[in-house]
Amino acid sequence: MDIEDQMRNIANEIPEITVVNLVTWGASGAMIFGGVIPFIPQYRDIKRTSDADGFSIFVCLTLLVANTLRILFWFGKHFELPLLAQSIIMIFTMLVMVQLCVNVKNHSEIIAMRPHTLTEKRRSVDDGVTSHLSIKIPHQTSLRHTFTDFDTQYFWKWTDFSSYIEFMLVFSTGMGFVTFLFVDTVFYVELIGFLAVFTEALLGAPQFWKNFQNKSTIGMSIKMVCFWTMGDVFKTGYFIVRQAPPQFYICGTMQVAIDISILSQVFYYKYHPQVPPKKAAQ
């Protein structure tokens, strides 16, 4: 085979650059990195304020479990590679978020538990001399909670980042071993695929329930929910167009429904404000 034939074969293997291909590549890129983008401002905000109380670390748990199951599902039933890449990138992103939250919370506890000195002024009755008595209050020891404590009360509330890594290693190894045993079982493969997308689809459910309990959406970022809705609509459409497994677009549709339900709460409580039970009691 001469050089011209080799060049011709290479040219034939290179995909043709068309509008359709550009749109497809753009959509694939959006699927891979789109899920990470909403966490960038959250990361910067925590870094800037050194306060992680406004961010639920259980969001990271949900996405870590969901994306781990999705990767295992790929071994039993191959799907779009951009979706697989998205899961891998999301896992690393959530671990970065967890590490930041743990470091910020530990730093806040260290500052709060520094020793304090209490100075008391005393005046002697006999000679009238005023003396100062300094009492040093020792710092309290911060309680450490680790994964190896196996204390369910502090599950996913551990004080060291290594505990979160240990849990994910145990979970991934255990589920990986089970998947290895039943990778040829259609029911098991379809089950973990459904659990992966179903877990991710329920991310908005806690926010919906919180709004319902408070009878208000005050304190919730409406922009965040709008971005959720737009992203979930795009993602569900991508699943349908790319003929992803049914689990993906079924749970994607459920995500969109939850997002719309939360947005409907915004309008309902805006035009039908209700007094919270605590304020009514006062």
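Just so you know, all these numbers are worked out from the coordinates, no wet-lab data involved. What you see is a predicted model; the values in this text were computed from it and never measured. Virtual Cβ from ideal backbone geometry, glycine too; neighbours counted across all protein chains shown.
Across region 144-282, the relative contact order, built from alpha-carbon pairs under 8 Å that are at least six residues apart, equals 23 percent. Per-peptide packing, taken as the mean over residues of other Cβ atoms within 10 Å, places 70-82, 38-50 in the sequence 70-82, 38-50 from highest down.
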